[in-house]
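K.L.:
My questions will all concern the structure given below.
The values are calculated or read from the model by the stated rules, or taken from the named source; none is laboratory data. Model, not experiment: these values are computed from the prediction. Methodologically, a virtual Cβ is constructed for each residue, glycine included, from the backbone with ideal geometry; neighbour enumeration extends over all protein chains shown.
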Amino acid sequence: MKILLYSFWRSSAAFRVRIALNLKDLGYEVIPVHLNKNGGEQMQAEYAQLNPTRLVPLLIDGKQSIHQSLAIIEYLEELHPAPPLLPSAPIDRAWARSIAMDIGADIHPISNLRVLRYLVKKLGVSIEDKDTWYQHWIALGLEGLEKQLSADPRVGKFAFGNQVGLIDIFLVPQIFNALSAKMDMKPYPTLMRIFNECMNLPAFINASWENQIDAEGLNPAIPPQE
């Protein structure tokens, strides 16, 4: 039975899962859930019955239903261990998870769509101040990532050596967001080098914004290698 992935083309969390599925070479069908139309399709009763959190992604594998991108990716990793998305040594696995969660738990949640919408529609924050909020938190997070990855000897062609993995899966969607917000990426040369390496791979290209069946715009221009 084909895997079903409830996804929105610009959702960072859904983007991560699409990358992981592609890297594992697993066939799947995307079921679009538009997060803006008609107040958000994720808020409709039909989807809320499937996922009470009313968020994407949601993966359905046969009778199994899993939400939260990290949980989905770890499920795929345990079920389909090759190619591996995590290092073999426990300390390196912990390190990879910690960097991924710097993105997934600290950067992304406070600048995602429902937070930004609440700032504007409920708290009356101006669009300009909303954009300032967005860029502040992303820049703060990217600064921390750059410091860590630029100094760690485990970093190679990708975030961990020369094998693409969990950190890269989390990093690329966050860079997409930063580029879309027209942020200055010059302070993050290590992150951008890894990003460009990833975006040479079909698994990342096929998971990217403009290649989704529900895409409504093009992805931000990928800066050339410098």
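K.L.:
Which one of these is of a type in the set (Phe, Trp, Tyr) and touching a helix residue (DSSP H, G or I) at 6+ places or on another chain (Cβ under 8 Å): TYR75, TYR47?
P.N.:
It is TYR47.
Residues checked against (1) modelled with pLDDT of 95 or more; (2) within 23 Å of LYS182 (Cβ to Cβ); (3) out of contact with any Lys or Arg (no Cβ under 7 Å at 6 or more places or on another chain):
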residue	(1), (2), (3)
ILE103	yes, yes, yes
PRO109	no, yes, yes
LEU113	no, yes, yes
ARG117	no, yes, yes
TYR134	no, yes, yes
ALA151	yes, no, yes
ARG154	yes, no, yes
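K.L.:
Also, quick follow-up: Can you name the residue in region 7-22 that is among the charged types (D, E, K, R) and touching a helix residue (DSSP H, G or I) at 6+ places or on another chain (Cβ under 7 Å) and is also surrounded by the most Cβ atoms within 10 Å (Cβ to Cβ) among such residues?
P.N.:
Only one residue fits best here, namely ARG16.
K.L.:
Still on this structure, I have one more. Just to be sure I understand, how many residues within region 44-58 are of a type outside the set (Val, Ile, Thr) and either farther than 30 Å from LYS121 by Cα or loosely packed, with under 12 Cβ neighbours inside 10 Å (or both)?
P.N.:
Within region 44-58, residues that are of a type outside the set (Val, Ile, Thr) and either farther than 30 Å from LYS121 by Cα or loosely packed, with under 12 Cβ neighbours inside 10 Å (or both) number 4.
K.L.:
Suppose we filter LEU59, LEU35, LEU50, LEU55 for residues that are more than 21 Å from the chain's Cα centre (by Cα) and in the same structural domain as ALA13 (by TED's automatic domain parsing); which single one remains?
P.N.:
Step by step, each of LEU59, LEU35, LEU50, LEU55 is checked, and only LEU50 is more than 21 Å from the chain's Cα centre (by Cα) and in the same structural domain as ALA13 (by TED's automatic domain parsing).
K.L.:
Identify the residue in region 124-159 that is of a type in the set (S, T, N, Q) and assigned to a helix (DSSP H, G or I) and, among all such residues, is nearest to ASN200 (Cα to Cα).
P.N.:
Per the criteria, the residue is SER150.
K.L.:
Okay, next question. Within region 6-44, track down each residue that is farther than 28 Å from PRO84 by Cα and at pLDDT 95 or above.
P.N.:
Residue satisfying the conditions is VAL33 alone.
K.L.:
Also, I was wondering about something else. Confirm whether ILE19 is under 20 Å from GLU210 (Cα atoms), touching a residue at least 40 places away in the same chain (Cβ under 8 Å), of a type outside the set (Gly, Ala, Ser) and not in a loop (DSSP other than H, G, I, E, B).
P.N.:
The answer is yes for ILE19.
K.L.:
Looking for something among the aromatic types (Phe, Trp, Tyr) and either buried (at least 18 other Cβ atoms within 10 Å of the Cβ) or under 23 Å from ARG154 (Cα atoms) (or both) - is there at least one such residue anywhere in region 59-75?
P.N.:
There is no residue in region 59-75 that is among the aromatic types (Phe, Trp, Tyr) and either buried (at least 18 other Cβ atoms within 10 Å of the Cβ) or under 23 Å from ARG154 (Cα atoms) (or both).
K.L.:
If you take the residues in region 183-194 that are in contact (Cβ under 8 Å) with a residue 24 or more places away in the chain and exposed (fewer than 15 other Cβ atoms within 10 Å of the Cβ), which one is farthest from THR132 (Cα to Cα)?
P.N.:
For region 183-194, the residue satisfying everything is PRO189.
K.L.:
Counting just the residues of region 22-46 that are aliphatic (A, V, I, L, M) and part of a strand (DSSP E or B), which one comes out farthest from ASP168 (Cα to Cα)?
P.N.:
Only one residue fits best here, namely ILE31.
K.L.:
Condition first: part of a helix (DSSP H, G or I), in contact (Cβ under 8 Å) with a residue 24 or more places away in the chain and over 26 Å from LEU76 (Cα atoms). Can you find one or more residues in region 160-173 that meet it?
P.N.:
For region 160-173, residues part of a helix (DSSP H, G or I), in contact (Cβ under 8 Å) with a residue 24 or more places away in the chain and over 26 Å from LEU76 (Cα atoms): absent.
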